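Working notes for the structure below.
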Amino acid sequence: MQIPFHVFLIIYIIVTVIGLLFAGFNFYHVFRYAFRTAVSIIVTGFYTVGFILILGISIVFITRVDWSQTLTVGIGF
Amino acid sequence: MNIESLLHPREEVIILLRRDKWVIFKMTMFYGILLIVPIILFVIIQTYAPEWIIEHWTDPFIKIVMALSISTYYLYVWVFFFQAWLDYYLDVWFVTNERVVSIEQKGLFSRSIAEQKLYRIQDVFGEVHGIVATLLDFGNVTIQTAGTNEYFIFKEIPNPHQVARNIAKLAEWDKKNHHKNNAVEEI
């Protein structure tokens with residue numbers, strides 16, 4: 001059986017979207033409930049930069065992969 | 001949101017409290033360790049079993065799975081790190097010249113705001129438990145009131161005994177002057 005690599009990409013995208021949802025909830029809570037202070041602005045900015053870094057590095061890697069490759073599973077007779 | 005939006009006219013914040021810095025330090029250390037663990041594991045493997053990396057890292061499937069797993073791991077650790085910080089930052093207790101307000105964020109989408117007039121405070125006491133709490137002087141302040149919400153608990157705040165004394169003084173002052181202030185407002 002041959003499994004194309006892009007199946008793992010699809011799983012990764014689904015998991016990432018769920019993570020993005022949680023990140024969205026976090027931003028919602030900051031904008032709605034957090035007091036506007038230097039601390040909240042700095043920490044939110046730091047978090048956003050880290051978040052973009054993680055996503056950016058992941059995207060750079062993903063674009064370099066040949067997703068048309070396949071994984072062979074099982075023993076052929 | 002600004003704190004002024006929560007205040008009545010002529011109301012001033014006298015004491016604004018959050019959990020002690022130790023709480024945020026503990027949380028930062030925990031998530032910092034989680035962020036560093038994959039790097040440490042990689043360094044250890046590279047030092048003691050470099051042939052394992054050479055053998056497995058050249059396989060495109062393993063390379064992809066490892067990279068996607070690490071990306072997912074860091075993404076979720078970062079998200080939950082910020083969530084933990086929000087849980088700390090959105091818990092606020094403040095005392096004004098009129099009332100005590102407790103705002104607590106209990107996880108995602110669960111938030112409670114309670115308030116009570118100062119003159120309805122019946123008892124205030126501070127507690128410090130544990131070695132770290134004793135050394136760093138943080139703990140809980142419990143305020144007993146004559147209302148539906150019988151107890152307010154300010155959790156893990158710095159200088160709890162001093163804060164309890166200050167709240168007790170404010171409550172005493174408000175009880176003496178509350179009727180005078182009301183008469184002035186009615187006029």
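In a residue-by-residue description of the range A:29-43, the property of being of a type in the set (K, R), over 19 Å from B:Y73 (Cα atoms) and not in a helix (DSSP H, G or I) applies to at least one position.
Out of the residues in the range B:1-10 meeting the condition of being in a loop (DSSP other than H, G, I, E, B) and not aliphatic (A, V, I, L, M), tell me which one is surrounded by the fewest Cβ atoms within 10 Å (Cβ to Cβ).
The initial filter retains those residues of the range B:1-10 that are in a loop (DSSP other than H, G, I, E, B), namely B:1-2, B:7-10.
With the extra rule that they be not aliphatic (A, V, I, L, M), the set shrinks to B:2, B:8-10.
On the way: B:N2: 9, B:H8: 9, B:P9: 5, B:R10: 9.
The extreme case among them is B:P9.
Applying the criterion of at least 2 residues that are more than 29 Å from A:F5 (Cβ to Cβ), open to solvent by less than 20 Å² (accessible area, probe 1.4 Å) and not charged (D, E, K, R) to the helices (runs of 4 or more DSSP H) found wholly in the range B:25-139 leaves B:60-89.
Only one of the numbered conditions (1) open to solvent by 80 Å² or more (accessible area, probe 1.4 Å); (2) under 17 Å from B:I62 (Cβ atoms); (3) within 8 Å of chain B (Cβ to nearest Cβ) is violated by A:H6, and that is (3). What about B:V13, is it open to solvent by 50 Å² or more (accessible area, probe 1.4 Å), within 13 Å of another protein chain (Cβ to nearest Cβ) and within 30 Å of B:A133 (Cβ to Cβ)? Yes.
Screening the range A:19-43 for residues that are more than 9 Å from every other protein chain (Cβ to nearest Cβ) and surrounded by fewer than 12 Cβ atoms within 10 Å (Cβ to Cβ) and picking the one that is farthest from the chain's Cα centre (by Cα) gives A:A38.
Could you list, in sequence order, the residues of the range B:140-161 that are open to solvent by 80 Å² or more (accessible area, probe 1.4 Å) and closer than 23 Å to B:D20 by Cβ? Even if it seems obvious, please write down each step before you answer.
Of the residues in the range B:140-161, the ones open to solvent by 80 Å² or more (accessible area, probe 1.4 Å) are B:148, B:150-151, B:161.
B:Y151, B:H161 - these are the residues of the range B:140-161 that are open to solvent by 80 Å² or more (accessible area, probe 1.4 Å) and closer than 23 Å to B:D20 by Cβ.
Quick check on B:W85: is it in contact with a Leu (Cβ under 8 Å, 6 or more places away or on another chain), among the hydrophobic types (A, V, I, L, M, F, W, C), farther than 30 Å from A:T70 by Cα and modelled with pLDDT of 85 or more?
no
Contact map, the range B:82-109: first residue on the phi > 0 side of the Ramachandran plot, second residue modelled with pLDDT of 90 or more, Cβ cut-off under 9 Å, separation 6 or more or different chains; pairs are B:G107/B:Q83; B:G107/B:D87; B:F109/A:F25; B:F109/A:H29.
The values are calculated or read from the model by the stated rules, or taken from the named source; none is laboratory data. Remember, predicted model here, so these are calculated numbers, not experimental data. Because the Cβ atoms are built from the backbone with ideal geometry, glycine has one as well, and the counts that use them run over all protein chains shown. What goes into the accessible areas is simple: the full protein's heavy atoms, side chains included, and nothing from ligands, DNA or RNA. Shrake-Rupley method; radii C 1.70, N 1.55, O 1.52, S 1.80 Å.
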